[in-house]
Amino acid sequence: MIDRNPAFVRGEMLPAREPPAGETGLLKLLRESFFKDWLSALLTVTSLIVLIWIVRSVSPWLIDSVWNANSLSECRQILGGAEGACFAVIRDRWTQLLFGFYPPTQYWRPVLAFALMLLAMAPILFPPVPRRLLWFSAAFPGLAYWLIWGGTLWLPVSAYAGLAVGAIVLRLATRLGSGVAIGLALAGALVWWFFASGAVTTALGQLLPLSLAPVTSREMGGFLLSIVIGVTGISLSLPLGIVLALGRRSKMPLVKTLSVVFIEFIRGVPLITLLFTASLLLNYFLPPGTTFDLILRVIIMVTLFATAYMAEVIRGGLAALPRGQYEAAEALGLDYWKAQRLVIMPQALKISIPGIVNSFIGLFKDTTLVVFIGLLDPIALSNSIRATTDWQGIYWELFIFIGGLFFIFCFSMSRYSMHLERRLKTEHR
Amino acid sequence: MELNYETEIDRSRMRVSDEVAIRIADMNKWYGTYHALRDINLTVRRGERIVIAGPSGSGKSTLIRCINRLEEHQGGRIVVDGIELSSDLKNIDKVRSEVGMVFQHFNLFPHLTILENCTLAPIWVRQIARNEAIETAMHFLEKVRIPEQAHKYPGQLSGGQQQRVAIARSLCMKPKIMLFDEPTSALDPEMIKEVLDTMIELAEEGMTMLCVTHEMGFAQAVANRVIFMDQGQIVEENDPHDFFNNPQSERTRLFLSQILRH
């Protein structure tokens with residue numbers, strides 16, 4: 001029998017001490033992660049062997065690659081029977097893979113548009129960039145349209161003027177209630193675009209002809225096309241998806257039904273069907289003689305498709321927010337739109353970041369589907385390059401190049417989303 | 001938990017005026033077919049401190065949530081500060097900006113700092129200049145004794161601190177009436193006192209308060225009326241001394257014996 005006083009009083013509190021040796025550092029990592037027991041040691045060794053085998057079999061093909069040749073047969077001659085890649089095709093045709101059949105003297109225009117796009121994205125993606133640059137971001141779509149398609153500068157300017165008309169009407173009509181004001185503003189902008197815009201463009205064009213050589217959509221292709229469709233689809237599908245997600249959660253039965261029908265219809269149909277609709281059926285429905293740019297039609301369809309998915313992703317984020325957040329916002333007197341903008345959306349979007357970026361990446365890669373309706377995306381161009389006598393029978397090199405470029409874009413999006421998640425993490429900072 | 005505040009409380013400014021702050025007349029509420037609140041009649045005068053007690057599911061939270069229209073009532077009238085609550089959104093927003101509310105689970109906005117939590121509504125609802133809103137927010141954060149946490153996020157604070165921020169956030173709107181929905185029920189015992197202290201200070205300044213709470217010590221010390229609810233109706237309404245020492249209804253006696261047993 002142990003005889004001791006059950007009362008215990010600690011005289012002084014214990015200070016924190018270092019962990020014992022061998023519990024930190026490289027040794028622990030090796031032991032715990034790679035050689036914990038027989039099975040893990042076996043797996044480590046097997047993986048190493050597989051890794052070495054892959055590197056050994058692929059590296060000669062890459063190391064012995066030929067960069068200077070004018071055709072596949074010349075490549076084979078230089079290699080003299082050895083295994084080796086013929087990247088000369090990239091060197092020969094990279095401009096085509098990037099720009100399609102865009103006039104070579106005008107290459108500077110899409111390149112400038114791309115550089116300006118990076119500048120326009122900066123203030124949206126990275127808060128330390130001055131807010132004033134947002135004005136440039138707003139002006140960028142018009143500018144990019146002008147640079148890429150050419151024509152008169154006054155066309156995008158007059159399109160923006162329609163937005164300005166809408167904004168002015170909105171400000172003047174705010175007193176009539178926000179619903180009426182938004183309706184009137186929309187009507188004002190539409191009236192401008194349909195009735196005034198054309199005349200204004202022509203008049204200004206005669207007054208001060210600022211124009212670039214026009215380039216038709218038929219001439220565009222390659223990554224230029226993928227980026228135009230992808231970036232437009234991405235930047236439109238997020239705001240539209242938010243509106244649709246709110247619509248689906250709305251208490252108004254009509255709004256709710258419309259949103260649900262739209263989302264379920266679009267999600268229930270393969271993208272390729274929508275693209276065929278864009279390329280073929282719209283011609284039947286539109287009045288004869290309307291020229292409705294094919295790229296524009298594709299952008300609309302891709303955007304609608306992405307919007308439906310985006311709406312569901314954002315709805316998931318909204319559903320994950322506790323009811324208390326809505327109640328607290330309401331109890332403070334914030335109205336529906338302010339509560340959404342200041343309290344609900346910042347949190348819901350943060351929760352949805354992985355899903356949103358997932359949709360973005362999917363959308364960007366899906367732009368290659370336009371090959372089926374005769375647009376010259378990078379895959380279509382790889383086919384047409386292979387169709388020439390010089391490069392008949394070349395597959396891997398082209399696909400590696402195309403895949404590599406897609407990977408760069410998609411991987412950057414993924415890294416950015418991780419950065420954003422870290423930056424917005426406020427729970428345990 | 002027994003709290004003995006009787007001696008420390010400064011009652012000099014706890015005056016009840018004749019002016020009516022809230023009038024609820026023959027109010028009924030249903031959740032679907034469930035009759036949640038039945039014929040509620042209650043008049044609250046300016047400066048009153050009312051504690052609402054009762055078993056869970058008795059409708060006490062629903063009652064105070066009806067006062068700022070977080071819940072809709074289906075019959076009778078609710079008039080808050082002279083404004084009748086109806087489906088008119090303008091009136092609802094007006095009432096909500098005059099009535100502060102503190103929740104059981106704090107409901108701070110986790111993506112905003114403490115200071116931003118406090119300035120959000122003054123800036124966007126009252127349209128006060130940012131500097132002025134920050135000044136007000138700091139004033140109230142000092143009052144709840146956590147000005148040094150202003151630039152942290154809610155997730156970094158303890159439960160008691162978060163609830164005090166929630167009180168400060170409501171006060172920043174300069175409300176005329178404060179509603180408390182079980183403000184200490186989600187707190188560790190060590191933190192309950194700091195929140196109750198803040199509420200007592202508020203009472204000492206003459207704030208009109210409605211508190212749903214199980215803190216009977218607080219009720220005894222601060223309330224000038226205790227309302228006991230059961231099954232969606234007001235069962236007993238009494239001043240705290242009589243409520244605890246001489247409850248009239250059998251149901252109240254049973255409830256008190258259960259919560260005061262330890």
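The set of residues in the range B:97-124 being under 18 Å from residue A:346 (Cα atoms), of a type in the set (A, V, I, L, M) and within 10 Å of chain A (Cβ to nearest Cβ) consists of B:108, B:112, B:120, B:121, B:123. The residue pairs whose first member lies in the range A:105-127 and is more than 23 Å from residue A:421 (Cα to Cα), whose second member is loosely packed, with under 12 Cβ neighbours inside 10 Å and of a type outside the set (S, T, N, Q), and whose beta carbons are closer than 8 Å, counting only pairs six or more residues apart or on different chains, are A:106/A:213. When the residues of the range B:163-220 are narrowed to those that are within 10 Å of the chain's Cα centre (by Cα) and in a helix (DSSP H, G or I), which ends up farthest from residue B:245 (Cα to Cα)? Checked the range B:163-220; the qualifying residue farthest from residue B:245 (Cα to Cα) is B:167. Only residues that are farther than 26 Å from residue B:218 by Cβ and surrounded by 23 or more Cβ atoms within 10 Å (Cβ to Cβ) were counted in the range B:50-72, giving 0. The requirement of being assigned to a loop (DSSP other than H, G, I, E, B) and within 19 Å of residue B:223 (Cα to Cα) is satisfied by residue B:47.
If the condition is being part of a helix (DSSP H, G or I) and in contact with a Pro (Cβ under 7 Å, 6 or more places away or on another chain), then the range A:96-121 contributes A:97, A:99. For the range A:142-181, the tally of residues that are under 21 Å from residue A:209 (Cα atoms), polar (S, T, N, Q) and free of Cβ contacts under 8 Å to residues at least 12 places away in the same chain stands at 0. Where helices (runs of 4 or more DSSP H) sit wholly within the range A:131-243, those with at least 2 residues that are touching a Pro at 6+ places or on another chain (Cβ under 6 Å) occupy A:134-149. For the range B:153-202, the set of residues classified as under 21 Å from residue B:135 (Cβ atoms) and of a type in the set (Gly, Ala, Ser) consists of B:166, B:168, B:170, listed by residue number. The residue list B:78, B:83 contains one member that is under 21 Å from residue A:329 (Cα atoms), β-branched (Val, Ile, Thr), more than 10 Å from chain A (Cβ to nearest Cβ) and surrounded by fewer than 23 Cβ atoms within 10 Å (Cβ to Cβ), which is B:83. Has the range A:270-293 got at least one residue that is assigned to a helix (DSSP H, G or I) and either within 30 Å of residue B:105 (Cα to Cα) or within 14 Å of chain B (Cβ to nearest Cβ) (or both)? No - not one qualifying residue is present in the range A:270-293. Only one of the listed residues (B:159, B:155) is touching a helix residue (DSSP H, G or I) at 6+ places or on another chain (Cβ under 6 Å), among the small types (Gly, Ala, Ser), at pLDDT below 95 and surrounded by fewer than 22 Cβ atoms within 10 Å (Cβ to Cβ). That residue is B:159.
The residues on offer are A:72, A:48, A:98, and the sole one that is surrounded by fewer than 18 Cβ atoms within 10 Å (Cβ to Cβ) and either of a type in the set (A, V, I, L, M, F, W, C) or modelled with pLDDT of 85 or more (or both) is A:48. For the range B:93-109, the set of residues classified as crowded, with 20+ Cβ neighbours inside 10 Å and free of Cβ contacts under 8 Å to residues at least 60 places away in the same chain consists of B:95, B:96, B:107, B:109, listed by residue number. The test for being assigned to a helix (DSSP H, G or I), touching a Leu at 6+ places or on another chain (Cβ under 9 Å) and at the interface with chain A (Cβ under 9 Å from one of its Cβ atoms) does not hold for residue B:137. Evaluate the following for residue A:338: is it within 28 Å of residue A:126 (Cα to Cα), more than 24 Å from the chain's Cα centre (by Cα) and not hydrophobic (A, V, I, L, M, F, W, C)? Taking the combined requirement at face value, the residue satisfies it. Tallying residues that are in a loop (DSSP other than H, G, I, E, B) and more than 16 Å from residue B:48 (Cβ to Cβ) within the range B:63-81 yields 7.
Output the residues belonging to the range B:236-252 that are surrounded by fewer than 20 Cβ atoms within 10 Å (Cβ to Cβ) and closer than 25 Å to residue B:102 by Cα. Selection gives B:237, B:238, B:239, B:240. Residue A:224: surrounded by 15 or more Cβ atoms within 10 Å (Cβ to Cβ) and more than 30 Å from residue A:344 (Cβ to Cβ), yes or no? Spelling it out, residue A:224 is indeed surrounded by 15 or more Cβ atoms within 10 Å (Cβ to Cβ) and more than 30 Å from residue A:344 (Cβ to Cβ).
Note on the range A:128-145: among residues that are of a type outside the set (Lys, Arg) and closer than 26 Å to residue A:422 by Cβ, the one that is nearest to the chain's Cα centre (by Cα) is A:137.
Checking every residue in the range B:30-47 against the condition of being hydroxyl-bearing (Ser, Thr, Tyr), surrounded by 13 or more Cβ atoms within 10 Å (Cβ to Cβ) and closer than 26 Å to residue B:254 by Cβ gives zero matches.
For (1) within 14 Å of another protein chain (Cβ to nearest Cβ); (2) within 21 Å of the chain's Cα centre (by Cα); (3) at pLDDT below 95, each residue gets a yes or a no:
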{"residue": "A:320", "(1), (2), (3)": "yes, no, yes"}
{"residue": "A:334", "(1), (2), (3)": "yes, no, yes"}
{"residue": "A:365", "(1), (2), (3)": "no, yes, yes"}
{"residue": "A:373", "(1), (2), (3)": "no, no, yes"}
{"residue": "A:382", "(1), (2), (3)": "no, no, yes"}
{"residue": "A:391", "(1), (2), (3)": "no, no, yes"}
{"residue": "A:397", "(1), (2), (3)": "no, no, yes"}
{"residue": "A:407", "(1), (2), (3)": "no, yes, no"}
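The values are calculated or read from the model by the stated rules, or taken from the named source; none is laboratory data. As the structure is a computational prediction, the values presented were derived from the model and not from experiment. Counting neighbours? That spans all protein chains shown, and the Cβs are built from the backbone with ideal geometry, glycine included.
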